[in-house]
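Participant: The structure is given below, and queries will be raised subsequently.
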Amino acid sequence: MWTWQHPEWPNFRYDAEVFRPRVDAFRLKSERLMGRMEALAADLHMDAVIGLMLSEAIKTSAIEGESLDRDSVRASLLQLMAQDTVAPRHQDEKAAGAAALMVDVRQHWAEPLDDALLGRWQSMVVVHQPLSLVMRGLYRNAPEPMRIVSGVYGRQRIDYEAPPAARVYEEMARLLAWYNQTNPLTAGPAEVIPGPVRAAIAHAWFELIHPFDDGNGRVGRAIADHALSQSLGYPTLACLATAIERHRQRYYDALQQISRGALDLSAWIAFFIDEINHAQEIAREEIDFVLGKARFWERYAGQLNERQSRMVRRVFAEGTKGFEGGISTRKYETICQCSRATAYRDLSALVQMGVLEPLPGGGRNTRYQLRKT
């Protein structure tokens, strides 16, 4: 029996008091994160926001097995957030849609949810394809069952079957009514649910209905961000999708466990709040990274030649994870379009200046990383 077939659906069971320590940790981490953000100068503030949304746009797609070009997403975010007319324009519709979703959720966090808003979010992440039967902006209406399957062809296993399309509008009406009635910005004290708990329930409920032909995961995580923002009274800075992507299999397993039979969401809520709190630690790293970049350029202003500056900017563009595999002489040659002798000389100078440090296990093929200060 699928969960939505339970006689008492959708009366989920949980004890909010059990999660009080996790919720308190969420509040404390959120306050510290916002304090860190407010301490940044205006230009660094925007840089940090762009960095947070860039990570989220890429990772929420990666959870669904979709890879996005980092530069394309960043360019789209700059155009949307900063009205940056100098930023390079890309024709990558998936990247543009992912960026648009991040910005739209951030801009409309205080609004109630409705079918039109969710449809808009879904149409942003599902690219139009002329021959595709996937509905964009509307709930699914095909008579065939909506199933999530795994395994090779001929030996596939049904992991989940969602409510039939004929029930989707009714099911979504119940979810949206509950969500908007428990909005902490407008609800009475008796109706308020702790923000992380409400986000966990809303995400699970939405995924169990699975109302769209495609894009349900990305829209569902956007709903969780929306709920967290309403509980804080400002757009959340937590990198939720980034945290979930790091524990992707545990996330899928947790969703699988609530898809059958019982209506008890306790284990799911505990898992989800832990991911929310982990997401805030990731956001703190991103903000510190932005501050570190600014301090780096202040310290080494005028000391690097054009090639060295280009390499450092390229490494910074990769974000907190840095340059995959480190910086090699060959990579330096390619990026800076110089000879091997010049690359070797530039890299040696950067090491002497304290900009770079060798990665362990070097030898003849020494690779470097930016020194953390």
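Participant: Under the classification rounded if a/c is under 1.5, otherwise prolate if a/b is larger than b/c and oblate if not, where does segment 140-199 fall, given a ≥ b ≥ c as square roots of the Cα gyration tensor eigenvalues?
Facilitator: oblate
Participant: I need to check one value: relative contact order of the chain, counting alpha carbon pairs closer than 8 Å and at least 6 residues apart, in percent.
Facilitator: Rounded, it is 20 percent for the chain.
Participant: What does the helix-only formula give at 222 nm for the chain: each DSSP H stretch with n ≥ 4 adding -39500 (n - 2.57), the total divided by the residues, and the result rounded to the nearest 500 deg cm²/dmol?
Facilitator: Value at 222 nm, helices only: -18500 deg cm²/dmol.
Participant: Also, quick follow-up: So for each of 166-173, 117-124 I average, over its residues, the number of other beta carbons within 10 Å; can you give me the resulting order with the highest mean first?
Facilitator: Per-residue Cβ counts within 10 Å, averaged per peptide and sorted highest first, yield 117-124, 166-173.
Participant: Oh, and also: With +1 on each Lys and Arg Cβ and -1 on each Asp and Glu Cβ, how big is the dipole of the chain about its Cα centre, in debye rounded to the nearest 20?
Facilitator: Here the chain has a charge dipole of around 1540 debye.
Participant: Provide the gained length on full extension for the span GLN156 to ALA301, in nm with one decimal, where the gain is 0.36 nm per separating residue minus the Cα-Cα distance.
Facilitator: 46.3 nm
Participant: Continuing with the same structure: Could you name the lysines whose alpha carbon sits less than 19 Å from that of LYS331, not counting residues in the same chain fewer than 8 places away?
Facilitator: Within reach: LYS321.
Participant: Connecting C-alpha atoms closer than 10 Å in a GNM of the chain, tell me which of ARG221, ARG157, ARG250 has the biggest fluctuation.
Facilitator: ARG157
Participant: For LYS372, go through the aspartates and glutamates and keep the ones whose alpha-carbon is under 20 Å away, minus same-chain ones fewer than eight residues off.
Facilitator: Correct list for LYS372: ASP47, GLU281, GLU285, GLU286, ASP288, GLU298, GLU318, GLU324, ASP346, GLU357.
Participant: Looking at the chain as a GNM with Cα springs under 10 Å, which of ALA42, ALA16, ALA75 has the largest mean-square fluctuation?
Facilitator: Answer for the Gaussian network model of the chain: ALA42.
We did not get these values from a lab; they are worked out from the coordinates using the rules stated. Here the structure is a predicted model, which means the values were calculated and not measured. All Cβ positions, even for glycine, are placed from backbone atoms using ideal geometry, and neighbour counts span all protein chains on display.
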